[in-house]
Amino acid sequence: MQKLYYGGDIITMEQEGDAPEAVLVSDGKIAYVGSAQEAKSLCGPEAVQVDLKGHTLMPSFIDPHGHIVMMAQYTAFANLGACTSFGEVEQALGEYLEGRKDKGLVIGYGYDHNFLKEQEHPTKAVLDKVSATAPVCILHTSGHMCVANSVLLKECGITKDTKDPKGGKFGRDADGEPNGYIEEVPAMQKVLMYMFSKAKGDFGEQMGLAQKAYLKYGITTVQDGATNGTSFQNLAAYAETGGFCLDVVAYLLADEAERVTGEFPAYGNQYQGRLKIGGAKIILDGSPQGRSAWLSEPYEGEETYCGYPACTDEQVEKWVKESVRAGRQLLAHCNGDAASQQYLDAFAKAAEESPERLEKIRALRPVMIHCQTVRESQLDEMAKFGMVPSIFVAHTYYWGDVHLKNLGPVRGANISPVKSALERGLMYNFHQDPPVVEPDMLRTVWCAVNRITRTGQPIGPGQRISVFDALKGVTIHAAYAYHEEGQKGTLAEGKLADMVILDRNPLKVNPMEIKDIQVLETIKEGETLYQKETVIGK
């Protein structure tokens, strides 16, 4: 089947300033990009002609880091993102519980203590008001903290005698009793495993809702970062039913990567039912807005506290060595510059063996996720290893004011240093870490271009980049991180017809208006999967 697109602006992302008149799609791939007259001459009698009516066609967006399984699970939970006080958290959870037939479990997500009136995390005392009989758990928007009520603490055996695990901690009252606040995965693990094992839901239905959430933002390739064995089994089963309309790239938890890849060889670096295993993922620290990211210098107002590591140097060195040996791409969550250094040091040690080993590392394209406080010298080191900085640049808006408070005016202003990465020739990309924030790519582009906080304060204007360079971060550079730049990321002959139609051209509007541009249509391999107000397909 052929489709001819014409009658509007076309951004190829091949070269800045490209202005073809038409794009011809044939059998899911781009057959021609150029003049409308030539494109029409290549059309068969059955070709469908699509008049853009002045709208803009460009490559669809690519999510280079996120958690589609969590996005799916969260569709069944209470959204606390709009809450501004403990009272509103309690009210939202109560309304959620009231609307459920199953009263045996309450899970909420998206609260942020930084924007609550009390300026602190809720405790079990707040959640006990929601239910004194059912387990209640709320997840911080960062995913690095949660709060449990008294019932849940008891169910999980968390008492005064429970010791803080390495890389995590339990909040406590003055007498040492746990107050319900829990920080970082090693401490949260038991609670989350209990809650998610009890949460009931139709995986297929939830995954369908998650896919729709990405499609409305023009995204056709997504990630599931830090996938455990059970989750991958669920993803593979869903793929076998033909459930995916998006391409999904899973990065397995490093300790399970070898086993799961061996159990599912058909998915290793190749799509099967639109699902593939891209590599492995490790988490090296926490959240800067939660003050658990691992920094080399203390947080503002602290004498010595710098956050803390999630892993030992030996663990990181082991995972890096295994990834290089297996030829497996490795992603590492690094928010603090000390965590970034730990990751870089592990690659430096792995590369010491021979020049051939360094070239093998470069070919793998290891990724540093978030890069919030990465230093200039560390970007230089990343260039040596061919490392990809996947930058959560939307932090400049969502938590920019918090970073200025937590990190001070100099470090705070330099979060998400995209311009510095660009100047070093690094293949940076941008993500939203869904479900941390909505996968709104155009808002992310707006953030990279304007760098303005929620309160309207400029934050690191020297790190602003052009609109075209920002669009690279969600198209061709994101494809590069997946080793898919030959198939995706630009409009060029032979590539997949993964495209998006926008109501305005982001290269022509006032930069402050980019976040207001609407996705009108999302196209995957020539098939329209989303039209504004109407989702088509699975």
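Give me the net charge for the shell around MET512: Cβ to Cβ below 14 angstrom, other residues only, Lys and Arg +1, Asp and Glu -1.
Charge balance near MET512 sits at +4.
How long are the three semi-axes of the equivalent ellipsoid of the chain, in whole Å, if each is the root of 5 times an eigenvalue of the C-alpha gyration tensor, listed from largest down?
38, 27, 24
Report the convex hull volume per residue for segment 1-159, counting only C-alpha atoms, in Å³.
In segment 1-159, the Cα convex hull volume per residue is 203 Å³.
I'd like the distance separating the alpha-carbon centroids of segment 385-457 and segment 164-185, in whole Å.
30
As a test of the formula, what do you get for the chain when each DSSP H run with n ≥ 4 contributes -39,500 (n - 2.57) and the sum is divided by the residue count, at 222 nm and rounded to the nearest 500 deg cm²/dmol?
Computed mean residue ellipticity for the chain: -9500 deg cm²/dmol.
What number comes out for the charge environment of GLU155, summing +1 per Lys or Arg and -1 per Asp or Glu over other residues with Cβ under 13 Å away?
+4
For GLN518 and LYS29, what does the FRET efficiency come to when R0 = 25 Å and r is the distance between their Cβ atoms, rounded to the nearest 0.05?
Efficiency, from the Cβ-Cβ distance: 0.40.
In µm²/s, what is D for segment 160-296 at 4 °C and 1.567 mPa s, where D = kT/(6 pi eta Rh) by Stokes-Einstein and Rh is the Kirkwood radius from Cα pairs?
Roughly 75 µm²/s, to the nearest whole number.
Relative to the Cα centre, what is the charge dipole magnitude of the chain, using +1 at the beta carbon of each Lys and Arg, -1 at the beta carbon of each Asp and Glu, and rounding to the nearest 20 debye?
Result for the chain is approximately 380 debye, rounded to the nearest 20.
Using a Förster distance of 45 angstrom, determine the FRET efficiency expected from the C-beta separation of ALA326 and MET1, and round it to 0.05.
Step by step, r from the Cβ atoms, then E = 0.65.
Lys/Arg Cβ at +1, Asp/Glu Cβ at -1, dipole of segment 156-204 taken about the Cα centre: which of LEU192, GLY171, PHE203 is farthest positive-ward?
Result: PHE203, furthest along the dipole toward the positive end.
Separation of segment 120-150 and segment 36-54 by C-alpha centroid, Å?
Comparing the Cα centres of segment 120-150 and segment 36-54, I get a distance of 57 Å.
Mind pulling the per residue volume of the convex hull built on the Cα atoms of segment 241-301? Å³ is fine.
124
Sticking with the crude label model, points 7 Å out along Cα→Cβ, report the distance from LYS508 to ASP255 in nm, one decimal please.
Each label point lies 7 Å from its Cα, and together they span 5.4 nm.
Find the all-direction average of the projected area of the Cα convex hull for segment 305-416, expressing the result in square nanometres with one decimal place.
That works out to 7.0 nm².
Roughly speaking, what is the stretch gain from ASN79 to GLU527, that is 0.36 nm per residue apart minus the C-alpha to C-alpha distance, in nm to one decimal?
So the extension gain works out to 158.1 nm.
Would you mind computing, in nm to one decimal, how far apart the modelled labels at THR455 and GLU46 are, each placed 7 Å from Cα along Cα→Cβ?
6.2
Just want the answer: with Cβ charges of +1 for Lys and Arg and -1 for Asp and Glu, which residue in TYR267, SER85, GLY225 is farthest toward the dipole's positive end in the chain?
TYR267
By what distance, in whole Å, do the Cα atoms of segment 411-515 stretch along each of the three principal axes, largest value first?
Principal-axis extents of segment 411-515 (Cα, largest first): 44, 32, 28 Å.
Values in this text are rule-based calculations from the coordinates and carry no lab data. Note that this is a predicted model, so its numbers are computed, not measured. Using ideal geometry, Cβ is built from the backbone for each residue, glycine included, and neighbour counts are taken over all protein chains shown.
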